[in-house]
Amino acid sequence: MRIRNEENFWSGVMFVAIGAGFAAAAQRHSFGTLQALGPGWFPTVVGGSMVALGSALAVRAVGKSASRARISRIGWRGVIAVLGALILFSVALPYLGIVVSLALLVSGSTLGAHNVRFRDGAAATILLTVLGALIFVVALGVQVQVWPVFFGS
């Protein structure tokens with residue numbers, strides 16, 4: 001067995017590992033029945049789907065018809081920007097509210113991209129912040145601080 005497409009093979013392995021981890025962790029929760037799905041149902045199904053998708057991806061990467069592809073360098077700038085933005089979001093949310101925290105998350109994440117112009121990043125920040133706030137606060141009714149606590153809301 002020879003790996004022809006390293007990118008797809010290792011992506012598949014990553015999907016299998018993460019999916020198996022989610023499915024295994026979900027086993028401590030009740031799966032439920034078809035009439036009343038339990039809290040373990042969704043993560044088990046998503047984890048199993050990830051395992052199936054990752055397996056198919058990895059198997060195709062070793063096939064004779066697979067295109068050759070080597071693993072490219074890791075874009076550390078993007079990894080650090082996205083992880084930093086996620087950490088900032090989780091720390092800021094209780095104090096700055098969902099609107100400001102979402103804006104920080106999206107604008108911080110765009111710093112990791114090489115080809116995003118300021119205007120495009122600002123437009124994405126505004127659009128995704130408004131949509132995110134509307135979806136979570138209005139549509140789903142999530143009880144979360146909307147504005148910063150010092151605004152008095």
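Taken together, the values in this text are just the output of simple stated rules run on the coordinates, not laboratory data. Bear in mind the structure is a predicted one, so any value in this text is a computation, not a measurement. So basically every Cβ, Gly included, is an ideal-geometry build from the backbone, and we count neighbours across all protein chains shown.
Kirkwood hydrodynamic radius of region 1-47, from the reciprocal of the average inverse Cα-Cα distance over all distinct pairs: 12.0 Å. Rounded to the nearest 10 degrees, the angle from helix 41-61 to the longest Cα principal axis of the chain is 50 degrees.
Remark: spin-label model distance ALA20-ALA69 equals 2.3 nm, labels positioned 7 Å along the Cα→Cβ axis.
If you wrap region 76-151's Cα atoms in a convex hull and average its projection over all directions, what's the area in nm²? Before the final figure, lay out the partial values.
Values: hull surface 20.4 nm².
Spelled out: convex hull of the Cα atoms, projected over all directions, averaged, 5.1 nm².
Taken over region 4-85, the alpha-carbon convex hull comes to 112 cubic angstrom per residue.
Of all segments of the chain bounded by trypsin sites (Lys or Arg not before Pro) found in a DSSP loop with no more than 15 other C-beta atoms within 10 Å, the longest spans 74-116. Across region 45-88 the C-alpha pair distances fall into 10 Å bins from zero in the proportions 22, 24, 39, 14, 1 percent.
Taking the longest Cα principal axis of the chain as reference, the axis of helix 118-133 is set at about 80 degrees.
Sequence gap at least 6, Cα distance under 8 Å: using those rules, report the relative contact order of the chain to the nearest whole percent. Intermediate values should be presented prior to the final figure.
Numbers: 203 pairs, mean separation 33.5, N = 153.
Reported as a whole number, the value is 22 percent.
The convex hull defined by the C-alpha atoms of the chain has an orientation-averaged projected area of 13.2 nm².
Using helices alone, what [θ] at 222 nm do you get for the chain, with -39,500 (n - 2.57) per DSSP H run of 4 or more residues, divided over all residues and rounded to the nearest 500? Write down the numbers at each step before the final one.
On the way: 4 runs with 93 residues, N = 153.
Rounded to the nearest 500, the figure is -21500 deg cm²/dmol.
Against the longest alpha carbon principal axis of the chain, how many degrees, from 0 to 90 and to the nearest 10, is the axis of helix 6-26 turned? The two axes meet at around 60 degrees.
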